[in-house]
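Let me begin by presenting the structure, written as structure tokens, before commenting on it.
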Amino acid sequence: GVAWVQATVVLRRRYLERFQRELGEGRVTTASIGRLDLASAEVLVAGLGSSSVREVLAALDVLSGSGRLGLVPALILYHPDPTVVRAAFRLLSRSERPDVDALLPFLLRHPDDQVRALAAERWAGGGHPPDALRATLDDPSPKVRASALVALSNGAGGGDALAELAAIAAGPDLQARRALAW
């Protein structure tokens with residue numbers, strides 16, 4: 001019995017070391033690990049703080065695929081790489097997360113235009129007043145402006161925004177129409 005316990009401890013440690021190594025290489029998938037145990041979840045949450053974009057994206061993917069997005073802190077939206085922020089924001093936006101909604105004002109000032117556009121899309125659903133979103137209508141990015149217009153058109157008094165959306169859709173500016181389609 002003692003030998004079995006000792007063998008289990010040794011194998012468990014080696015499993016977690018290999019899991020960490022494969023996560024760092026981006027080779028961990030939901031299908032390859034099956035059901036997540038506590039130690040594996042801890043490794044994945046630790047992987048969210050990695051400087052390797054591949055490792056962070058793999059950890060996000062596995063946590064999402066295993067239904068454990070509640071373990072992903074909203075602070076991941078402060079990650080320096082916009083690819084990580086966009087992926088995390090898309091995943092976290094699927095559910096009601098007040099901690100994510102609290103970061104929307106910060107995300108509207110993000111250097112990446114897609115992040116700003118995603119934040120504008122979620123703005124009204126996050127319980128923020130539409131007046132603050134109107135400031136993004138002057139954003140240099142057509143994606144951000146279009147996303148803000150779509151979000152504003154869903155609220156009360158969205159007639160002006162709908163009229164602007166119709167003008168963009170019928171207008172000659174190809175880049176603005178593509179942003180609206182996006």
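Every number in this text was worked out from the coordinates using simple rules, so none of it is lab data. Model, not experiment: these values are computed from the prediction. Note that each Cβ is placed from the backbone with ideal geometry, even for glycine, and that neighbours are counted across all protein chains shown.
The figures follow:
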| read-out | value |
| --- | --- |
| Size of electric dipole in the chain: Cβ of Lys, Arg +1 and of Asp, Glu -1, about Cα centre, debye, nearest 20 | 640 |
| The range 123-143 versus the range 88-116: alpha-carbon centroid distance in Å | 12 |
| Tilt relative to the chain, helix 159-170 - C-alpha long axis, 0 to 90 degrees, to 10 | 90 |
| Table column - 3J(HN,Hα) (Hz), the range 172-182, Karplus curve with 6.51, -1.76, 1.60, x for Gly and Pro | x, 6, 5, 5, 5, 5, 5, 5, 5, 5, 5 |
| Protection-proxy order for peptides 162-173, 37-48, each taking the mean of Cβ atoms within 10 Å per residue, highest first | 37-48, 162-173 |
| Shape call, the range 48-121: gyration tensor on alpha carbons, a/c limit 1.5 | oblate |
| Label-to-label distance, nm, for residues given as residue 173 and residue 53 (7 Å Cα→Cβ offset) | 2.9 |
| Against the rule of thumb 2.2 N^0.38 Å, how large the Cα Rg of the chain comes out | 1.32 |
| Peptides ranked, highest mean first, by Cβ atoms within 10 Å: ranges 138-146, 105-113 | 138-146, 105-113 |
| Order by protection proxy (mean Cβ within 10 Å, highest first), peptides 117-123, 65-71, 5-11 | 117-123, 65-71, 5-11 |
| HN-Hα J in Hz across the range 113-124 - Karplus 6.51, -1.76, 1.60, θ = phi - 60°, x for Gly and Pro | 5, 5, 5, 4, 5, 5, 5, 5, 4, 7, 3, 5 |
| Phi-based couplings in Hz for the range 133-150 (Karplus 6.51, -1.76, 1.60; Gly and Pro marked x) | 6, 4, 5, 6, 5, 9, 4, x, 8, x, 5, 5, 4, 5, 5, 5, 5, 4 |
